[in-house]
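Throughout, read-outs are computed from the coordinates displayed, never taken from laboratory work. On a predicted model such as this, the values are computed, not experimentally measured, just so you know. Because the Cβ atoms are built from the backbone with ideal geometry, glycine has one as well, and the counts that use them run over all protein chains shown.
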Amino acid sequence: MKQRTLEQLREHYSLTQEQVALDVGIDRSYYSKIESGLTPSVSVAKRIGYFFDFDWTLFF
């Protein structure tokens, strides 16, 4: 998934990185790195995909 797309999706819902990170169960700094292009672990990708309702395999 393109990092800009993830950021735009979060902003579309007027959420902060902290809010998403708390709901997904990860540190804000880790979520920030994912938005910047870090590939998350499979379990985190699944949780983010579920949270935003998209196919988690787009991260890979």
*For the chain, list log₁₀ I(q)/I(0) at each q in 0.12, 0.31 Å⁻¹, using the Debye formula over Cα point scatterers of equal strength and ignoring solvent, two decimals each.*
-0.21, -1.86
*With θ set to phi - 60°, apply the Karplus curve 6.51 cos²θ - 1.76 cosθ + 1.60 along segment 8-14 and write out the HN-Hα couplings as whole Hz, x wherever there is a Gly or Pro.*
5, 4, 4, 5, 4, 8, 6
*Taking the Cα centre of segment 3-52 as origin, sum charge times position over the Cβ atoms of Lys and Arg (+1) and Asp and Glu (-1), and report the length of that vector in debye to the nearest 20.*
160 debye
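With n ≥ 4 as the cut-off for DSSP H runs, can you work out [θ] at 222 nm for the chain, using -39500 (n - 2.57) per run divided by the number of residues, rounded to the nearest 500? Could the numbers behind the result be given before it?
On the way: 4 runs with 37 residues, N = 60.
-17500 deg cm²/dmol, from helical runs alone.
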_Using DSSP to call loops (not H, G, I, E or B), can you name the chymotrypsin sites (Phe, Trp or Tyr not before Pro) in segment 1-31 whose Cβ has at most 15 other Cβ atoms within 10 angstrom?_
TYR13
